[in-house]
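One structure is given below, encoded as C-alpha coordinates.
The values are calculated or read from the model by the stated rules, or taken from the named source; none is laboratory data. As the structure is a computational prediction, the values presented were derived from the model and not from experiment. No Cβ is skipped: glycine too gets one built from the backbone with ideal geometry, and neighbour counts run over all protein chains shown. Ligands, DNA and RNA are stripped out before the accessible areas are found, and what is left, the full protein with its side chains, is counted by its heavy atoms. Shrake-Rupley method; radii C 1.70, N 1.55, O 1.52, S 1.80 Å.
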Amino acid sequence: MSFACTLHAPMDLRVDPHPVGEPGPGEVRVRLGAGGICGSDLHYYQHGRIGAFALRAPFVPGHEASGVVEVVGEGVQRVQPGQRVAINPSHPCGQCRACRAGRANLCDHMVYLGSAAIFPHRPGLFRAQFLIGQAQLTPIDEDIGLDEIACAEPLSIGLHAVHRAGPLLGATVLVTGAGTIGCMAVMAARLAGAQTVVVSDPTPRARALALTVGADAVVGSDDELQAWRDRVDIAIEAAGHPAALAGAFGVVRRGGRIVQVGTLPNDMPFPANTLMARELDYVGAFRADRAFDWAVQALRSRRVDVRPLITAKVPLSRAKEAFDLALDRNASTKVLLVPDN
(Lines give C-alpha, C1' and ligand atoms only; values in the text may rest on other atoms or scores of the structure.)
Protein backbone atom coordinates (compact mmCIF):
# COMPACT_ATOMS: atom_id res chain seq x y z
CA MET A 1 0.00 0.00 0.00
CA SER A 2 1.26 3.46 -0.97
CA PHE A 3 -0.33 6.87 -0.36
CA ALA A 4 -1.71 9.71 -2.44
CA CYS A 5 -2.81 13.32 -2.23
CA THR A 6 -6.61 13.06 -2.60
CA LEU A 7 -9.27 15.74 -3.08
CA HIS A 8 -12.59 14.78 -1.46
CA ALA A 9 -14.30 18.14 -2.01
CA PRO A 10 -13.27 21.77 -2.53
CA MET A 11 -10.60 22.67 0.06
CA ASP A 12 -10.80 19.13 1.47
CA LEU A 13 -7.40 17.69 0.60
CA ARG A 14 -6.08 14.62 2.41
CA VAL A 15 -3.18 12.21 2.15
CA ASP A 16 -4.84 8.80 1.95
CA PRO A 17 -3.63 5.21 1.55
CA HIS A 18 -3.59 4.25 -2.10
CA PRO A 19 -3.02 0.79 -3.57
CA VAL A 20 -0.17 0.13 -5.98
CA GLY A 21 0.37 -3.27 -7.55
CA GLU A 22 2.89 -4.97 -9.76
CA PRO A 23 3.20 -3.79 -13.36
CA GLY A 24 1.54 -5.82 -16.08
CA PRO A 25 2.81 -6.20 -19.66
CA GLY A 26 4.00 -2.86 -21.01
CA GLU A 27 3.59 -1.20 -17.61
CA VAL A 28 6.11 0.39 -15.28
CA ARG A 29 5.97 1.07 -11.55
CA VAL A 30 7.38 4.53 -10.87
CA ARG A 31 8.31 6.29 -7.64
CA LEU A 32 7.43 9.98 -7.61
CA GLY A 33 10.45 12.24 -8.11
CA ALA A 34 8.69 15.61 -8.06
CA GLY A 35 5.21 16.82 -8.94
CA GLY A 36 4.32 20.40 -9.85
CA ILE A 37 1.10 21.99 -8.61
CA CYS A 38 -0.57 23.57 -11.64
CA GLY A 39 -3.24 26.23 -11.95
CA SER A 40 -5.78 23.56 -12.89
CA ASP A 41 -4.92 21.62 -9.72
CA LEU A 42 -5.63 24.79 -7.75
CA HIS A 43 -9.00 25.23 -9.51
CA TYR A 44 -9.96 21.71 -8.45
CA TYR A 45 -8.72 22.47 -4.92
CA GLN A 46 -10.61 25.74 -4.57
CA HIS A 47 -13.75 25.14 -6.62
CA GLY A 48 -13.99 21.40 -7.32
CA ARG A 49 -13.86 22.03 -11.05
CA ILE A 50 -12.06 23.72 -13.90
CA GLY A 51 -14.31 24.78 -16.74
CA ALA A 52 -16.58 21.84 -17.59
CA PHE A 53 -14.41 19.32 -15.73
CA ALA A 54 -15.90 18.76 -12.26
CA LEU A 55 -15.10 16.40 -9.41
CA ARG A 56 -17.68 13.65 -8.99
CA ALA A 57 -15.75 11.43 -6.58
CA PRO A 58 -12.54 11.55 -4.53
CA PHE A 59 -9.81 12.47 -6.95
CA VAL A 60 -6.00 12.40 -7.07
CA PRO A 61 -4.77 15.51 -8.94
CA GLY A 62 -1.39 16.05 -10.55
CA HIS A 63 -0.21 15.95 -14.17
CA GLU A 64 3.25 17.54 -13.96
CA ALA A 65 5.73 14.99 -12.67
CA SER A 66 9.03 13.21 -12.86
CA GLY A 67 9.91 9.88 -11.31
CA VAL A 68 12.30 7.01 -10.85
CA VAL A 69 11.58 3.59 -12.33
CA GLU A 70 11.18 0.89 -9.68
CA VAL A 71 9.93 -2.19 -11.54
CA VAL A 72 9.18 -2.90 -15.21
CA GLY A 73 6.59 -5.30 -16.56
CA GLU A 74 6.90 -7.87 -19.29
CA GLY A 75 7.94 -6.49 -22.66
CA VAL A 76 9.10 -3.10 -21.37
CA GLN A 77 12.18 -1.93 -23.26
CA ARG A 78 11.87 1.85 -23.15
CA VAL A 79 13.09 2.26 -19.55
CA GLN A 80 15.02 0.29 -16.91
CA PRO A 81 14.85 0.14 -13.10
CA GLY A 82 16.70 3.02 -11.50
CA GLN A 83 16.30 5.41 -14.44
CA ARG A 84 14.90 8.88 -13.93
CA VAL A 85 11.98 9.66 -16.25
CA ALA A 86 9.90 12.51 -17.56
CA ILE A 87 6.20 11.62 -17.43
CA ASN A 88 3.74 12.59 -20.14
CA PRO A 89 0.23 12.68 -18.60
CA SER A 90 -1.42 12.24 -22.01
CA HIS A 91 -2.53 8.85 -23.29
CA PRO A 92 -4.37 9.39 -26.60
CA CYS A 93 -6.11 6.54 -28.39
CA GLY A 94 -4.08 6.90 -31.61
CA GLN A 95 -7.10 5.90 -33.72
CA CYS A 96 -9.62 8.76 -33.77
CA ARG A 97 -9.77 11.49 -36.42
CA ALA A 98 -7.77 13.98 -34.30
CA CYS A 99 -5.04 11.44 -33.61
CA ARG A 100 -4.82 10.45 -37.26
CA ALA A 101 -4.58 14.14 -38.21
CA GLY A 102 -1.55 14.63 -35.96
CA ARG A 103 -3.47 16.49 -33.24
CA ALA A 104 -3.47 13.88 -30.51
CA ASN A 105 -3.96 16.54 -27.82
CA LEU A 106 -7.54 16.76 -29.14
CA CYS A 107 -8.08 12.98 -28.97
CA ASP A 108 -11.74 11.99 -28.68
CA HIS A 109 -10.84 9.29 -26.15
CA MET A 110 -7.99 10.96 -24.27
CA VAL A 111 -6.96 9.60 -20.89
CA TYR A 112 -5.22 12.54 -19.25
CA LEU A 113 -3.83 11.85 -15.81
CA GLY A 114 -4.84 14.39 -13.19
CA SER A 115 -7.93 15.56 -15.08
CA ALA A 116 -11.54 15.10 -13.98
CA ALA A 117 -12.68 15.14 -17.61
CA ILE A 118 -13.55 11.45 -17.58
CA PHE A 119 -15.52 9.41 -15.05
CA PRO A 120 -14.73 7.25 -13.18
CA HIS A 121 -11.79 9.60 -12.57
CA ARG A 122 -8.33 8.26 -13.29
CA PRO A 123 -5.93 9.12 -10.46
CA GLY A 124 -3.30 11.71 -11.24
CA LEU A 125 0.38 11.72 -10.38
CA PHE A 126 0.42 13.08 -6.82
CA ARG A 127 1.07 9.57 -5.54
CA ALA A 128 4.15 8.16 -3.84
CA GLN A 129 4.13 5.28 -6.37
CA PHE A 130 2.04 4.50 -9.43
CA LEU A 131 1.74 2.26 -12.48
CA ILE A 132 1.95 3.80 -15.95
CA GLY A 133 2.42 2.64 -19.53
CA GLN A 134 5.97 2.75 -20.86
CA ALA A 135 4.96 4.94 -23.82
CA GLN A 136 4.32 7.82 -21.41
CA LEU A 137 7.87 7.76 -20.03
CA THR A 138 11.05 9.33 -21.41
CA PRO A 139 14.33 8.26 -19.76
CA ILE A 140 16.62 11.09 -18.69
CA ASP A 141 20.34 10.29 -18.42
CA GLU A 142 21.68 13.86 -18.38
CA ASP A 143 22.71 15.65 -15.17
CA ILE A 144 19.40 17.41 -14.56
CA GLY A 145 17.33 17.37 -11.39
CA LEU A 146 14.02 15.60 -10.90
CA ASP A 147 12.54 18.98 -10.03
CA GLU A 148 13.48 20.36 -13.45
CA ILE A 149 12.28 17.23 -15.25
CA ALA A 150 8.87 17.71 -13.62
CA CYS A 151 8.60 21.02 -15.49
CA ALA A 152 8.53 19.32 -18.91
CA GLU A 153 4.73 19.31 -19.02
CA PRO A 154 4.18 23.04 -18.31
CA LEU A 155 7.04 23.90 -20.67
CA SER A 156 5.25 21.86 -23.34
CA ILE A 157 2.17 24.07 -22.87
CA GLY A 158 4.24 27.17 -23.58
CA LEU A 159 5.83 25.51 -26.60
CA HIS A 160 2.47 24.40 -27.96
CA ALA A 161 1.06 27.91 -27.54
CA VAL A 162 3.97 29.33 -29.53
CA HIS A 163 3.48 26.62 -32.16
CA ARG A 164 -0.17 27.70 -32.48
CA ALA A 165 0.99 31.32 -32.82
CA GLY A 166 2.82 30.59 -36.07
CA PRO A 167 6.24 31.94 -37.09
CA LEU A 168 7.69 34.27 -34.46
CA LEU A 169 11.07 35.07 -35.99
CA GLY A 170 11.59 38.82 -35.52
CA ALA A 171 8.13 39.30 -34.00
CA THR A 172 7.00 41.37 -31.03
CA VAL A 173 5.14 39.10 -28.63
CA LEU A 174 2.94 40.03 -25.68
CA VAL A 175 2.39 37.45 -22.95
CA THR A 176 -0.41 38.28 -20.51
CA GLY A 177 0.19 36.65 -17.15
CA ALA A 178 3.59 35.82 -15.66
CA GLY A 179 2.70 32.69 -13.76
CA THR A 180 4.29 29.37 -14.65
CA ILE A 181 2.64 29.04 -18.08
CA GLY A 182 3.24 32.68 -18.95
CA CYS A 183 6.93 32.35 -18.10
CA MET A 184 7.14 29.12 -20.07
CA ALA A 185 5.60 30.96 -23.03
CA VAL A 186 8.28 33.65 -22.68
CA MET A 187 11.01 31.00 -22.90
CA ALA A 188 9.25 29.30 -25.80
CA ALA A 189 8.93 32.59 -27.69
CA ARG A 190 12.65 33.15 -27.22
CA LEU A 191 13.40 29.70 -28.62
CA ALA A 192 11.20 30.53 -31.63
CA GLY A 193 13.18 33.68 -32.44
CA ALA A 194 10.93 36.47 -31.17
CA GLN A 195 12.69 39.82 -31.32
CA THR A 196 10.85 41.44 -28.41
CA VAL A 197 8.85 39.79 -25.62
CA VAL A 198 6.66 41.96 -23.40
CA VAL A 199 4.88 40.59 -20.33
CA SER A 200 1.83 42.06 -18.63
CA ASP A 201 1.09 41.16 -15.00
CA PRO A 202 -0.20 43.21 -12.04
CA THR A 203 2.06 41.42 -9.52
CA PRO A 204 5.55 42.91 -9.01
CA ARG A 205 7.07 39.56 -8.09
CA ALA A 206 5.71 37.95 -11.26
CA ARG A 207 6.99 40.79 -13.43
CA ALA A 208 10.48 40.46 -11.94
CA LEU A 209 10.44 36.73 -12.63
CA ALA A 210 9.39 37.33 -16.25
CA LEU A 211 12.46 39.49 -16.74
CA THR A 212 14.61 36.77 -15.19
CA VAL A 213 13.43 34.15 -17.69
CA GLY A 214 13.86 36.31 -20.77
CA ALA A 215 11.26 39.07 -21.15
CA ASP A 216 12.54 42.35 -22.60
CA ALA A 217 9.94 44.51 -20.91
CA VAL A 218 7.15 44.19 -18.36
CA VAL A 219 4.04 46.26 -17.70
CA GLY A 220 1.82 46.30 -14.65
CA SER A 221 -1.15 48.46 -15.63
CA ASP A 222 -3.47 49.12 -18.55
CA ASP A 223 -1.91 52.54 -19.07
CA GLU A 224 1.56 51.00 -19.38
CA LEU A 225 0.23 48.34 -21.72
CA GLN A 226 -1.30 50.96 -24.04
CA ALA A 227 2.20 52.16 -24.89
CA TRP A 228 2.47 48.94 -26.93
CA ARG A 229 -0.73 49.51 -28.91
CA ASP A 230 -0.37 48.42 -32.56
CA ARG A 231 3.21 47.25 -31.91
CA VAL A 232 2.34 43.68 -30.89
CA ASP A 233 2.29 41.00 -33.59
CA ILE A 234 1.26 38.07 -31.40
CA ALA A 235 -0.43 38.00 -27.98
CA ILE A 236 -0.45 34.87 -25.82
CA GLU A 237 -3.12 35.05 -23.13
CA ALA A 238 -1.85 32.95 -20.22
CA ALA A 239 -3.50 34.72 -17.29
CA GLY A 240 -6.98 33.23 -17.60
CA HIS A 241 -8.54 36.59 -16.73
CA PRO A 242 -11.03 38.65 -18.77
CA ALA A 243 -9.07 41.88 -18.21
CA ALA A 244 -5.93 40.24 -19.57
CA LEU A 245 -7.73 39.14 -22.72
CA ALA A 246 -9.19 42.61 -23.15
CA GLY A 247 -5.70 44.05 -22.83
CA ALA A 248 -4.43 41.71 -25.54
CA PHE A 249 -7.23 42.74 -27.91
CA GLY A 250 -6.45 46.37 -27.14
CA VAL A 251 -2.82 46.34 -28.23
CA VAL A 252 -2.32 43.70 -30.91
CA ARG A 253 -1.84 45.21 -34.36
CA ARG A 254 -4.37 44.89 -37.18
CA GLY A 255 -4.03 41.47 -38.74
CA GLY A 256 -2.28 40.11 -35.65
CA ARG A 257 -2.99 36.93 -33.73
CA ILE A 258 -4.14 36.12 -30.19
CA VAL A 259 -3.55 32.67 -28.68
CA GLN A 260 -5.67 31.73 -25.69
CA VAL A 261 -3.96 29.39 -23.23
CA GLY A 262 -5.62 30.41 -19.95
CA THR A 263 -9.05 29.13 -18.92
CA LEU A 264 -11.53 32.02 -18.96
CA PRO A 265 -15.02 32.31 -17.42
CA ASN A 266 -17.78 30.81 -19.56
CA ASP A 267 -19.98 33.91 -19.37
CA MET A 268 -17.43 36.64 -20.12
CA PRO A 269 -18.12 39.17 -22.91
CA PHE A 270 -16.13 38.75 -26.10
CA PRO A 271 -15.00 41.60 -28.43
CA ALA A 272 -16.25 39.98 -31.61
CA ASN A 273 -16.51 43.26 -33.54
CA THR A 274 -12.89 44.12 -32.74
CA LEU A 275 -11.92 40.68 -34.00
CA MET A 276 -13.78 41.37 -37.25
CA ALA A 277 -12.83 44.99 -37.89
CA ARG A 278 -9.12 44.49 -37.13
CA GLU A 279 -9.12 41.12 -38.92
CA LEU A 280 -7.45 39.32 -36.02
CA ASP A 281 -6.76 35.62 -35.75
CA TYR A 282 -7.97 34.14 -32.47
CA VAL A 283 -6.91 30.57 -31.72
CA GLY A 284 -6.88 28.23 -28.76
CA ALA A 285 -3.99 26.17 -27.42
CA PHE A 286 -5.10 23.15 -25.41
CA ARG A 287 -2.56 20.96 -23.62
CA ALA A 288 0.20 19.69 -25.93
CA ASP A 289 1.14 16.82 -28.20
CA ARG A 290 4.58 16.65 -29.83
CA ALA A 291 5.57 19.67 -27.76
CA PHE A 292 6.10 17.39 -24.76
CA ASP A 293 9.05 15.78 -26.54
CA TRP A 294 10.30 19.23 -27.56
CA ALA A 295 10.13 20.30 -23.91
CA VAL A 296 12.10 17.29 -22.70
CA GLN A 297 14.80 17.96 -25.28
CA ALA A 298 14.98 21.66 -24.37
CA LEU A 299 15.42 20.77 -20.71
CA ARG A 300 18.00 18.04 -21.18
CA SER A 301 20.07 20.23 -23.52
CA ARG A 302 19.78 23.23 -21.15
CA ARG A 303 18.36 25.42 -23.90
CA VAL A 304 15.97 26.65 -21.23
CA ASP A 305 16.43 26.98 -17.48
CA VAL A 306 13.26 26.47 -15.45
CA ARG A 307 14.96 26.59 -12.06
CA PRO A 308 14.06 30.26 -11.37
CA LEU A 309 10.38 29.26 -11.43
CA ILE A 310 10.68 26.67 -8.65
CA THR A 311 9.65 28.31 -5.39
CA ALA A 312 9.43 25.42 -2.94
CA LYS A 313 9.62 21.65 -2.59
CA VAL A 314 7.19 20.26 -0.03
CA PRO A 315 6.88 16.61 1.10
CA LEU A 316 3.82 14.80 -0.24
CA SER A 317 2.60 14.19 3.32
CA ARG A 318 2.21 17.99 3.66
CA ALA A 319 0.25 18.36 0.43
CA LYS A 320 -2.36 20.77 1.85
CA GLU A 321 0.39 23.11 3.01
CA ALA A 322 1.89 22.97 -0.48
CA PHE A 323 -1.45 23.76 -2.15
CA ASP A 324 -2.07 26.70 0.18
CA LEU A 325 1.38 28.08 -0.62
CA ALA A 326 0.75 27.66 -4.35
CA LEU A 327 -2.44 29.73 -4.05
CA ASP A 328 -0.42 32.76 -2.93
CA ARG A 329 0.95 34.36 -6.11
CA ASN A 330 2.79 36.94 -4.05
CA ALA A 331 4.88 34.17 -2.49
CA SER A 332 5.16 31.40 -5.07
CA THR A 333 5.31 30.40 -8.71
CA LYS A 334 5.92 26.66 -9.00
CA VAL A 335 5.47 24.60 -5.85
CA LEU A 336 6.59 20.98 -6.10
CA LEU A 337 5.48 17.96 -4.13
CA VAL A 338 8.39 15.62 -3.43
CA PRO A 339 8.71 12.24 -1.68
CA ASP A 340 8.93 12.10 2.09
CA ASN A 341 12.37 11.15 3.33
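Things to note:
- Spin-label pair R56/V283, simplified geometry with 7 Å Cα→Cβ offset, distance in nm: 3.3
- Test item: Cα-centred dipole of the stretch 163-314, Lys/Arg +1 and Asp/Glu -1 on Cβ, debye: 580
- Computed label-point distance, nm, for sites I118 and K320 using a 7 Å Cα→Cβ extension: 3.1
- Descending semi-axes in whole angstrom, ellipsoid equivalent of the stretch 48-194, from the Cα gyration tensor: 27, 21, 17
- By definition, a body whose alpha carbon gyration tensor gives a ≥ b ≥ c is oblate when a/c is 1.5 or more and a/b is not larger than b/c, and the stretch 298-341 fits this oblate description.
- Residues in the chain average 43 Å² of solvent-accessible surface per residue, probe 1.4 Å, ligands and nucleic acids excluded.
- For the pair S2 and R231, a Förster radius of 51 Å applied to the C-beta separation gives a FRET efficiency near 0.45, rounded to the nearest 0.05.
- Rounded to the nearest 0.05, the FRET efficiency derived from the C-beta distance between T263 and E142 at R0 = 41 Å is 0.80.
- The C-alpha atoms of the chain define a longest principal axis, and helix 242-251 lies at about 40 degrees to it.
- Peptides 90-96, 233-239 ranked from most to least packed give 233-239, 90-96, packing being the mean of other C-beta atoms within 10 angstrom over each peptide's residues.
- √(5λ) per eigenvalue of the Cα gyration tensor, the chain, largest first, Å: 34, 21, 20
- Per atom type, the stretch 281-326 shows carbon and sulfur on 47% of its accessible surface, probed at 1.4 Å.
- Between the residues Q226, V198, T263, the greatest Cα displacement towards the positive end of the dipole of the stretch 175-297, with unit charges on the Cβ of Lys, Arg, Asp and Glu, is found for V198.
- Alpha-carbon geometry of the stretch 131-235: the Rg and the Dmax are 15.5, 51 Å, given in that order.
- A Cβ-based charge dipole, computed about the Cα centre of the chain with Lys and Arg at +1 and Asp and Glu at -1, lands at about 420 debye.
- Only helices enter the 222 nm calculation for the chain: every DSSP H run of n ≥ 4 contributes -39,500 (n - 2.57), and dividing by all residues gives -7500 deg cm²/dmol, rounded to 500.
- Close amide H pairs (under 5 Å, H built 1.01 Å from N) link W228 with no residue at least 5 positions away or on another chain.
- Accessible area of the stretch 79-214 belonging to carbon and sulfur atoms, whole % at 1.4 Å probe: 52
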